[in-house]
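The values are calculated or read from the model by the stated rules, or taken from the named source; none is laboratory data. Note that this is a predicted model, so its numbers are computed, not measured. Here the Cβ positions follow ideal geometry from the backbone for every residue, glycine too, while neighbour counts run over all protein chains shown.
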Amino acid sequence: MPTPLQTLQTTFGYTEFRHSQEEIIQTLLNKQDAFVLMPTGGGKSLCYQIPALLLDGLTVVISPLIALMKDQVDALRVNGIAAAYLNSSLAPEEKENIFEQLRTRQLKLLYIAPERLFGNAQSFISFLKKLPISLFAIDEAHCISEWGHDFRPEYRLLAALKHEFPSVPTIALTATADDLTRQDIVAKLELKSPRVFVSSFNRANISYAVEPKRNHYDSLIRFLTKHRDDSGIIYALSRNSTERVAADLTEDGFNALPYHAGLDADTRREHQDKFVKDEIKIIVATIAFGMGINKSNVRYVIHVDLPKNIESYYQETGRAGRDGLKSEALLYYSGGDVIKLKNFAMIEDNPAQTKIMLRKLDQMAALCETSSCRRKIILNYFGEEAPDNCGNCDVCLTEVERVDGTVIAQKALSAVARLESRYGLSYVIDFLRGSRSEKIKPEHKNLKTYGIGADISKNEWYQYLRELIAQGYLQQAGAEYPIVKLTAKSPAVLSGDEKVSFIQIISTKEADEDELPYEKDLFDSLKRVRAIFAAKENVPAYIILSDSTLIELAAYLPSSLVELRKISGFGDAKVARYGQEFLEAVVSYARSRGLASRINQKIPKMSSPSVARRRAKDGTTETKLESFDLFRTGFTVPQIAARRSLSEGTIEGHLAHFIALGKINVTDIVSPEKINLIKSAINKHGTLALSPIKQELGDAVTYGEIKAVFATMH
């Protein structure tokens, strides 16, 4: 049986595991339960998909969203894996076909919704009991917890899973859950002594920014104009808002469609399909309605309304940059949104849950109002330490200084006092600026403070008032039309006993560029090749190959199928199905411009960002070097694997790297008689896939030994 690493490489086309993937996979192969908390885009799916391929029998995946099921199954099939889903979108004959495939043991993975599992008098459970079930995977596991941010009552049914299948291992996966929610998930699912894996929440490729919501549409247009070629999601609070924003953007020349629960199923499906297939660039969705898509090339997520908690914000912004490329998260913030959402946070006859929801909302508001690193606040919220400066959020990229604003504060507080704390921000600002508008009441125009801030612009006054609210010198009250009121801290400022300072921006920096340099024209050409395959197979383009894979192709310019295999994302099935066409496009481009292959500069993706930063030009990494040093001191491959808690296949892969560099003799790892056998099998079967070579050579030769000989042949 192949190892997990070999399956990762040959089936999915990646060189090394990330986060705790390898350990999670081994836990399931040992028939243990697991709870996995891993960020969106971190590779949660591989944690159960690889065990599904290695275990005998069927893996059942419980997922809450039809679109998510289809996306996952499409991606698996493109990689040559037998997978299917059962849900309401299928015709009766399609469902019967899948049942037949299940009866005849043709499928390795089946995706279903929780209600199907236990609905219809548990007839489906009875059917599953006749099949060899090897694993249950519960995706979006936070949906089972009432303390989670996306509780779904139908997930309660999963509490019975362990009673029906006590000996089948279960993995529960989520991208967002605080400590209370984690404990609740494990308890509700009755997981048996599960191993708990919590990965870093840091999405380093996403830049976070918050801007004032006032007059935000002009800012939105400026942002979208700079991102016309990019895919993005805009989240709004209500169905009406999504319709209005999508209509306004369309009128202004942008390709946008709405997506919310009020649309009929066919319209939702049509809009989503157009978005995932890049036929439109922008989808405007309700915050409360999950998108349930794995679209990897979303370059930005914008919130025009405030999310109700940091979990929702983190999950929604996490839909950007799943391919690891540079992406942006922009939120337009208003204190009025906080007041509106407080009404939604009230849970009838449940004061305890109401208290939790209100606390979460306050934490979300604090994230927006902070003058500290936003990434640090997000990571600290999930219990993760972080530096004070991330270098990739608006706060850290902005150089500021504090300036004395006592006189400005006194003018603002005096205006609110004269207006008897009965008016909103706009009215107070117009009053301060001496507006001649008819909306300013005649008696107010006669007040001494009318017009005392005429030398300050509307936008500046708005910023000053927002900061006075953030510092507690003013407050907003009321839901639909919030008014500005004085606080207990106001009198000390008005009397001159307390000074007030404001933040003043000195300069704004750009985030450090850490992107792979690539041939832009070739990248565009490769996208066209990908689009042809996607249309032919009726799947989204990113299912064929991700943008990050195309960028690697356009950066490293592989000149043969052997070199193509070194590009992340090219497993056996994708090399066989698409390799020749993509290779021809690269070779033709390189030949026309006199460019040579740069594949020797290719460095495998690493499991840790800290390790990834410590790479040598020849591709040597710390983890490879550690294996190399142990080997030079006399340890055998099995001993190194045991010492480092890695598979023998991983260690053999590390050592093959140094064979290619000429630092290890292949005979130090592979006996001379095996070398000749392996070379003969390679010459016979070619370099397209390792599997046929391994099949011919049998158990006497390992994949690592084949790779070691490979390293001497190119």
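Worth a mention:
- The stretch 301-326: number of residues that are under 20 Å from residue 466 (Cβ atoms) and more than 17 Å from the chain's Cα centre (by Cα): 3
- Flag for residue 254 being more than 27 Å from residue 370 (Cα to Cα) and part of a helix (DSSP H, G or I): no
- From 516, 526, 545, residue being buried (at least 22 other Cβ atoms within 10 Å of the Cβ), touching a residue at least 24 places away in the same chain (Cβ under 8 Å) and farther than 16 Å from residue 71 by Cα: 526
- Checked against the criteria, residue 90 counts as at pLDDT below 95, assigned to a loop (DSSP other than H, G, I, E, B), among the aliphatic types (A, V, I, L, M) and farther than 23 Å from residue 177 by Cα.
- Test for residue 329: is it surrounded by 15 or more Cβ atoms within 10 Å (Cβ to Cβ), under 22 Å from the mean Cα position of the chain (by Cα) and either of a type in the set (Gly, Ala, Ser) or outside the structural domain of residue 228 (by TED's automatic domain parsing) (or both): yes
- Residue within the stretch 45-59 that is under 30 Å from residue 264 (Cβ atoms) and assigned to a helix (DSSP H, G or I) present: yes
- Here 193, 231, 199 are screened, and the one residue that is in contact with a Ser or Thr (Cβ under 9 Å, 6 or more places away or on another chain), among the polar types (S, T, N, Q) and surrounded by fewer than 22 Cβ atoms within 10 Å (Cβ to Cβ) is 199.
- Scanning the stretch 56-70 for residues that are among the hydrophobic types (A, V, I, L, M, F, W, C) and at pLDDT below 95, we see that the one that is nearest to the chain's Cα centre (by Cα) is 68.
- Restricting the stretch 80-126 to residues that are more than 30 Å from residue 7 (Cα to Cα) and among the aromatic types (Phe, Trp, Tyr), the residue that is nearest to the chain's Cα centre (by Cα) is 118.
- Screening the candidates 413, 432, 447, 379 for the property of being among the hydrophobic types (A, V, I, L, M, F, W, C), closer than 19 Å to residue 314 by Cα and either in contact with a Ser or Thr (Cβ under 6 Å, 6 or more places away or on another chain) or not assigned by TED's automatic domain parsing to the domain that holds residue 177 (or both) yields one hit, 379.
- Residue within the stretch 286-295 that is among the basic types (Lys, Arg) and either assigned by TED's automatic domain parsing to the domain that holds residue 88 or surrounded by fewer than 21 Cβ atoms within 10 Å (Cβ to Cβ) (or both) present: no
- Among (1) surrounded by fewer than 19 Cβ atoms within 10 Å (Cβ to Cβ); (2) of a type in the set (A, V, I, L, M); (3) touching a helix residue (DSSP H, G or I) at 6+ places or on another chain (Cβ under 9 Å); (4) under 25 Å from residue 215 (Cβ atoms) - the single one residue 301 does not satisfy: (1)
- In the stretch 332-346, the residues that are outside any helix (DSSP H, G or I) reach residues that are among the basic types (Lys, Arg) with C-beta atoms within less than 6 angstrom, at least six apart or across chains, in these pairs: 332/213; 333/213; 334/213.
Yes or no, residue by residue, for (1) in a helix (DSSP H, G or I); (2) modelled with pLDDT of 75 or more; (3) in contact with a Pro (Cβ under 8 Å, 6 or more places away or on another chain); (4) among the small types (Gly, Ala, Ser):
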site	(1), (2), (3), (4)
663	no, yes, no, no
667	yes, yes, no, no
683	yes, yes, no, no
687	no, no, no, no
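- Residue within the stretch 236-250 that is under 22 Å from the mean Cα position of the chain (by Cα), farther than 23 Å from residue 315 by Cβ and not in a helix (DSSP H, G or I) present: no
- Among residues that are under 24 Å from residue 54 (Cβ atoms), among the hydrophobic types (A, V, I, L, M, F, W, C) and in contact with a Ser or Thr (Cβ under 8 Å, 6 or more places away or on another chain), residue 86 is not included.
- Screening the candidates 554, 573 for the property of being hydrophobic (A, V, I, L, M, F, W, C), at pLDDT 90 or above and not assigned by TED's automatic domain parsing to the domain that holds residue 46 yields one hit, 554.
- Filter result (under 41 Å from the mean Cα position of the chain (by Cα) and at pLDDT 85 or above) within the stretch 431-466: 457, 461, 464, 465
- Total residues in the stretch 133-179, condition in a helix (DSSP H, G or I) and at pLDDT 80 or above: 14
- Filter result for residue 280 (touching a Leu at 6+ places or on another chain (Cβ under 7 Å), under 18 Å from residue 224 (Cα atoms) and outside the structural domain of residue 485 (by TED's automatic domain parsing)): yes
- Residue check for residue 99: within 17 Å of residue 164 (Cβ to Cβ) and of a type in the set (A, V, I, L, M, F, W, C): no
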